[in-house]
Structure formats: structure tokens, C-alpha cells
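The values are calculated or read from the model by the stated rules, or taken from the named source; none is laboratory data. Everything quoted here is computed from the prediction, not taken from an experiment. Glycine also receives a Cβ, built like all others from the backbone with ideal geometry; neighbour counts cover every protein chain displayed.
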């Protein structure tokens with residue numbers, strides 16, 4: 001199983017919006033700020049956001065205070081939602097060999113195919129059990145700084 005770079009960046013981007021906007025309801029996160037914080041190329045991030053919009057996970061707002069925001073509460077968005085939105089069904093990440101339905105005899109191919117399907121089921125359930133709110137909680141426990149919090153202000 002391999003998660004694409006796009007999917008890994010997408011999870012980080014969704015987390016970034018949730019984490020850094022949590023204390024600022026109604027404020028959209030600008031893509032340039034997310035790209036800088038997460039070290040994701042801006043053009044690539046904008047492509048990812050288009051797919052996340054199609055998946056119904058984020059929405060955008062235009063204008064000077066525009067940017068991206070989550071369409072649902074972070075507790076309602078799972079890692080599974082993000083993976084499916086960017087990479088398709090999680091089960092398809094496992095290359096299951098054909099079972100050889102023509103044959104009546106059980107083969108090692110059939111045996112291992114059932115193992116991979118079982119593993120895919122476990123991983124799918126795990127992805128669906130971890131929400132973005134869980135990631136926020138982990139970030140807080142690790143002491144991950146929030147944007148604009150604890151940063152020195154400079155006046156000219």
C-alpha cells in the first residue's frame with residue numbers, strides 16, 4: 001500500500017485549515033499561508049484543493065479575506081474521507097490478485113487474495129476511525145504552535 005504525495009499533502013492541508021483556524025470561526029485560510037506552513041508547492045496545493053472541493057471536504061471564499069475552509073466540523077471528517085477524495089477507494093490501494101474463479105481447486109493465489117482483502121478492511125476501518133479533530137488533539141498534545149499564537153508582533 002502506498003499513499004500518494006497528493007494524499008499526504010491533502011491530509012496536511014486539511015489539518016492545517018482545522019488547526020490554525022480553530023479559534024477563528026468563519027475565517028478562511030489562505031492557500032499561500034498553508035503552502036508556507038506545510039512546505040507544499042502552492043500550485044500543487046491549489047490543485048489538491050480543487051479535488052478536495054469536489055469531494056465535498058473544503059469550500060473556498062473569494063476576495064481579500066478569501067481562502068479555504070472546511071465544509072464540515074473536523075470531528076466529522078476522517079482520514080478515510082480525505083484518502084478517498086484524493087486517491088479513490090482505500091481498498092483499491094491494495095493490489096489484490098485475481099482469485100481464479102474458473103478453477104475449483106484452492107490455490108495460494110486465492111489464499112493470499114483473501115488475506116489482502118482482510119488487511120484492506122482493517123486499514124479502511126482505521127482510516128475511518130481517525131478524524132481531523134483527533135489530529136488536532138494530537139497536535140495540541142505535542143505543543144504544535146498555532147499560526148499567530150505566541151509569535152512576536154513587529155510595529156513600524
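Name the residue, out of 111, 144, that is over 18 Å from residue 8 (Cβ atoms) and at pLDDT below 95.
111 is the lone residue from the list that is over 18 Å from residue 8 (Cβ atoms) and at pLDDT below 95.
Taken over region 1-30, the criterion of being touching a helix residue (DSSP H, G or I) at 6+ places or on another chain (Cβ under 9 Å) and more than 18 Å from residue 132 (Cβ to Cβ) is satisfied by 1, 2, 4, 5. Only residues that are modelled with pLDDT of 95 or more and at positive phi were counted across region 24-43, and they come to 1. I'd like to know if region 90-105 contains one or more residues that are within 16 Å of the chain's Cα centre (by Cα), within 29 Å of residue 21 (Cβ to Cβ) and either buried (at least 16 other Cβ atoms within 10 Å of the Cβ) or modelled with pLDDT under 95 (or both). Yes: region 90-105 contains one or more residues that are within 16 Å of the chain's Cα centre (by Cα), within 29 Å of residue 21 (Cβ to Cβ) and either buried (at least 16 other Cβ atoms within 10 Å of the Cβ) or modelled with pLDDT under 95 (or both).
Against the condition within 21 Å of residue 27 (Cβ to Cβ), modelled with pLDDT under 95, surrounded by 12 or more Cβ atoms within 10 Å (Cβ to Cβ) and touching a helix residue (DSSP H, G or I) at 6+ places or on another chain (Cβ under 9 Å), how does residue 133 come out, does it pass? Answer is no for this residue. Going through (1) assigned to a helix (DSSP H, G or I); (2) touching a residue at least 24 places away in the same chain (Cβ under 8 Å); (3) under 30 Å from residue 117 (Cβ atoms) one by one, residue 44 falls short only on (3). Of the conditions (1) outside any strand (DSSP E or B); (2) surrounded by 18 or more Cβ atoms within 10 Å (Cβ to Cβ), residue 68 clears all except one; give me its number. So residue 68 meets the others, but not (1). Scanning region 56-65 for residues that are under 14 Å from residue 17 (Cβ atoms) and part of a loop (DSSP other than H, G, I, E, B) yields one hit, 57.
Residues in region 1-23 that are over 12 Å from the mean Cα position of the chain (by Cα) and loosely packed, with under 13 Cβ neighbours inside 10 Å were compared, and the one that is modelled with the highest pLDDT is 2.
Taken together, the residues in region 56-83 that are in contact with a helix residue (DSSP H, G or I) (Cβ under 7 Å, 6 or more places away or on another chain) and farther than 24 Å from residue 137 by Cα amount to 1.
Taking the conditions exactly as written (assigned to a helix (DSSP H, G or I) and either in contact with a helix residue (DSSP H, G or I) (Cβ under 9 Å, 6 or more places away or on another chain) or modelled with pLDDT under 85 (or both)), does residue 127 satisfy them or not? Here the answer is yes, as residue 127 does meet what is asked. Listed by first and then second residue, the pairs with beta-carbon distance under 6 Å, at least 6 apart or on different chains, first residue in region 77-90 and touching a residue at least 24 places away in the same chain (Cβ under 8 Å), second part of a loop (DSSP other than H, G, I, E, B) and surrounded by fewer than 21 Cβ atoms within 10 Å (Cβ to Cβ), are 79/130; 85/55; 87/4.
I'd like to check something: does region 76-89 contain any residue that is more than 12 Å from residue 14 (Cα to Cα), modelled with pLDDT under 95 and touching a strand residue (DSSP E or B) at 6+ places or on another chain (Cβ under 7 Å)? No: zero hits.
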